[in-house]
Amino acid sequence: MNKNAFISGASRGIGKGIAESMASAGYNLALCCVNNIDNLTEYAIELQKTFDVHVKAYKLDVSKPNDWATVVPTILSDFNSIDVVINNAAISYVGLITDMSDMDWNKIVSTNLDSLFYSTKSFLSEMINRKEGQIINISSMWGEKGASCEVAYSTTKGGVNSFTKSLAKEVAPSNISVNAISCGVIDTDMNSCFTKSEMQELKSEIPACRLGTPRDVGQLVLSILNSPSYMTGQIIGIDGGL
């Protein structure tokens with residue numbers, strides 16, 4: 001039987017690339033987003049037809065616990081169980097921290113970091129009962145190195161890395177693996193705030209001489225899912241050597 005996977009932030013960018021890679025590998029998918037549900041629903045239908053897997057789209061604001069409480073029972077009713085959780089949804093803020101509002105800070109923290117807590121609370125107990133499951137958190141190289149004018153984003157991604165390592169230790173006795181992917185510069189809408197010249201300058205610093213693609217990340221997800229369960233608590237980089 002096909003395994004079932006949950007992917008947050010799946011309507012565009014990295015999440016969309018991960019969804020395509022996993023559907024092509026035979027995974028049934030529960031996809032969620034908050035702002036582009038019509039597009040995600042169409043994409044779910046497309047994946048279902050192309051790869052002959054069960055795919056459904058759900059509107060879910062990962063920063064709101066009430067949304068999780070409402071949507072997750074529906075997901076579990078549609079799929080019975082979730083074998084793989086991909087925590088991908090994230091937002092960024094580019095600018096000086098002195099210009100950042102309390103609302104901006106809280107939104108980034110709740111979307112990028114609190115969401116991992118809500119996701120874990122939603123799916124982990126059932127995984128523990130079955131003594132199997134895999135969780136992959138999508139992080140960033142800025143969580144390790146820090147980025148000027150992206151203090152909030154870097155802070156949350158550093159938190160994602162610590163969350164990953166700690167949770168991996170906690171659930172390893174239950175045969176559940178928890179890993180994170182530390183992305184470099186991936187060609188997505190998140191980089192639309194930068195000018196063409198800024199992106200070209202950044203690209204020139206990458207030894208691979210190109211930006212990463214959502215498909216690159218999707219292929220790495222599949223590699224992790226096919227790895228031995230003994231590999232857990234790892235922060236795996238994909239950054240073209242940057």
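Scan the range 134-155 and give yes if some residue there is among the charged types (D, E, K, R), surrounded by fewer than 14 Cβ atoms within 10 Å (Cβ to Cβ) and touching a residue at least 12 places away in the same chain (Cβ under 8 Å), otherwise no. Looking for residues that are among the charged types (D, E, K, R), surrounded by fewer than 14 Cβ atoms within 10 Å (Cβ to Cβ) and touching a residue at least 12 places away in the same chain (Cβ under 8 Å), one finds none in the range 134-155, hence no.
For residues that are open to solvent by less than 50 Å² (accessible area, probe 1.4 Å) and outside any strand (DSSP E or B), tally how many sit in the range 77-92. Number of matching residues: 8. Among the conditions (1) open to solvent by 50 Å² or more (accessible area, probe 1.4 Å); (2) touching a Ser or Thr at 6+ places or on another chain (Cβ under 9 Å); (3) part of a helix (DSSP H, G or I); (4) free of Cβ contacts under 8 Å to residues at least 40 places away in the same chain, the only one that P228 does not satisfy is (3). Among residues of the range 165-193 being over 30 Å from G133 (Cβ atoms) and in contact (Cβ under 8 Å) with a residue 40 or more places away in the chain, the one that is most open to solvent (accessible area, probe 1.4 Å) is D189. Restricting the range 204-214 to residues that are surrounded by 16 or more Cβ atoms within 10 Å (Cβ to Cβ) and not hydrophobic (A, V, I, L, M, F, W, C) leaves a set whose member that is modelled with the highest pLDDT is P214.
The values are calculated or read from the model by the stated rules, or taken from the named source; none is laboratory data. Just so you know, these numbers come straight off a predicted model, no measurement behind them. Glycine also receives a Cβ, built like all others from the backbone with ideal geometry; neighbour counts cover every protein chain displayed. Please note that ligands, DNA and RNA were not included when accessible areas were found on the heavy atoms of the full protein model with its side chains. Shrake-Rupley method; radii C 1.70, N 1.55, O 1.52, S 1.80 Å.
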